Structures are given as C-alpha cells and as structure tokens.
Amino acid sequence: METDKEYVKNYYQGIYLTETILGNPNGDFVDNSPRNFDGEIFTTDKCIKYNVRKYIHESVEDLENKENIVFFFPRLVKGAKKEENKFKTRDDVYEFFKKEDNPFESLIKCSPDVRMFGGTFSFTKDSKQIYGPIQLTYGVDINEAQIKRIQIGAPFATTTGKQKTNGSESIVDDAIISYDITINPNVYKNLLLKSDLELFKKSLWFGTNLRKSTSKKTDSKLLILIKFINKDNTILNIGELKELIEVSNKKQHKVNHEILKLNCDKLFKKLEKYCDFIESIDLYYDSEDLILEYGGETLDEKTDFKLRDKISSKDPIDLIKN
C-alpha cells in the first residue's frame, strides 16, 4: 500500500442508533418479517454494512480507474438487465485484480470496504483472510417496538375469479435500533486509512438514510464515536455500550411523534470512569430531531460534567462538508 497515506492508529468504540417507523428494519429470509426473538426486534450487522457499501458504490466508486471499488457488492454480469437478476460471482470480481503483480495488495489498495470490514479471499496462488478493523454488532431495539401485520392487495384477479389477490406483510410500529461499533486498527497493521474512517461515517449515516421503500425504510438518529488515547500500548474495550442508552419518552414519541429523547445517564457514568483514557467523544445528531439527556438535564446545557471538554456535538451535515 502507499506509504504516504495516514492510517488510523487509535482504538475507537461507538454507538449507532437508527429508527424505523411503520417499516421493516431487517427482514428474515423466510417471509421477510422483521427479525425477532419472541417479539424482541433485532437486526444483523450485515444490513448496515450493505448500506455503507451501497453508498460508496453509488457515490465514489470508479471501476475504470480502479478507485474505491466495493468488493463485496452484487454486480450484474456484462450486458444483463436489472430485471434479469444475473449477477457476477466472486471469481468474476477477482478479474479486476488478477492481472496485477500482487492481486491481493492491489485489492486492498483499491477497496475501502475491504480495508473497513475485511473478508476472505482466494486467488489462484494466494488465499487470505482479513478480520476487518471496523466491526458492528447485531442491533437491538430499545423502544419496545411491536410487530404489526397489515393486509395488502394486488389489482389482479385470482383463478377463482375474485377481483383482487390478498396478502399481508409485517412491519414494526416504531423501532429504535442500537448497534455497538468497534474500530481496532491493531487487528491488521497499516490497513485502515483516516480517509476510510471519514468515508465510513458518511456512508453509514447517509447510506442508511437511502433505504427508502414502502416497507424497508430506516433513518440514522445518532452516531457516537469514542476515541481512546494511545497510552503505554494499552488497548481498551470497555464492553458493549448499545443498551446503556434509553428512550425516556417511549409512549409520547410513539403516539404523538414527540421529539425523541434519549437518557444517557448509564452511558456517561460508565465513560467517566475511563475519562483519563479518552481523547474525544464525537456526537453526530440533528438537534431538531433528538434531545440527549444526562442527569435530568439536556446534555448541551449540563456544565457539571467530567467529560465536558472532550465532547463535541456535531450536525450530520458536517460529514458531507469534511
């Protein structure tokens, strides 16, 4: 890889929150119902990674110049139409790199999704597996969302002569899904670029917002990234954080679409213990859509706060400006 690039050196942990109202955050493979355990909604990390990859593919990928190639992404075979559903195999995608002197190094150089999430690769003379620096957990609902089954119809006659074909689909009333993020540059040295991290944040937020269909729709609500200090070669992971944020106005938000309020007491009490090891905490959210609370006060107004000088509240639009 190019030696003049700046690599991520610090360890990060974070939380990412999304909201799905009257939609399906992540359907299963059986009947596309929202994934759940006994009614408790959850989602996979893969649906979020797909959002990131799709955004990169549609915004900055340049196949001709081999720049920002999204390796793990469905691609139509040459000459195929979208409705034909004919996609390239992994071996077909390898063709982008097989003519290079070192195909694996070429792939890493050209593919930000590989530098982010890793993968398994089998070239003719070289097999590799990378555990990616950026990892997301499964997401869990923190808003006690309920699955609703609704009736749908098609304007075609059935074989018995009825005018319409009836069916149904499952959606959630209001799911707020929370994910843990870890960014560990030490799993593969000199792999994740600082520019990759910026691209990840932008693609995560706006790629998820692009999921807009009748059933599948999700909005980004909050991204927290905690940057730890490189101190005496100490690598910290302070445990999963995603359920330390709570919705403090569940009923009002669901029924009246009141602005979403999140209680961060448990999260920041835990983070305060590690204050000396934290370099910065970036909070991305739209203050018109979301209120963060700590100790009974709005976070932006709370002054008696050990982490105050390390917290930066940012508007998601900053992710585009950078």
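The values are calculated or read from the model by the stated rules, or taken from the named source; none is laboratory data. Just so it is clear, the model here is predicted, and its values are computed rather than measured. Every residue, glycine among them, receives a Cβ derived from its backbone with ideal geometry; neighbour counts consider all protein chains shown. Note: accessible area is taken over every heavy atom of the protein model, side chains too, but ligands, DNA and RNA are not part of it. Shrake-Rupley method; radii C 1.70, N 1.55, O 1.52, S 1.80 Å.
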Give region 94-121 a look and list any residue that's within 30 Å of ASN186 (Cβ to Cβ) and at pLDDT below 70, or say none.
TYR94
Region 5-28 residues that are without any contact (Cβ under 8 Å) to a residue 12 or more places away in the chain, paired with ones that are open to solvent by less than 20 Å² (accessible area, probe 1.4 Å) (beta carbon under 9 Å, 6 or more apart):
ASP28/PRO34
Lone qualifier among LYS261, LYS269 - being open to solvent by 30 Å² or more (accessible area, probe 1.4 Å), out of contact with any Pro (no Cβ under 6 Å at 6 or more places or on another chain), more than 30 Å from VAL187 (Cα to Cα) and not acidic (Asp, Glu):
LYS261
For region 122-161, how many residues are modelled with pLDDT of 70 or more, in a loop (DSSP other than H, G, I, E, B) and closer than 30 Å to ILE108 by Cβ?
4
Can you pull out the residues in region 29-85 that are within 23 Å of ASN143 (Cα to Cα) and open to solvent by less than 40 Å² (accessible area, probe 1.4 Å)?
SER33, PRO34, GLY39, ILE41, PHE42, THR43, THR44, ASP45, CYS47, ILE48, LYS49, ASN51
Name every residue in region 10-26 that is of a type outside the set (A, V, I, L, M) and either crowded, with 24+ Cβ neighbours inside 10 Å or within 16 Å of the chain's Cα centre (by Cα) (or both), in order of residue number.
TYR12, GLN13, GLY14, TYR16, THR18, GLU19, THR20, ASN24, PRO25, ASN26
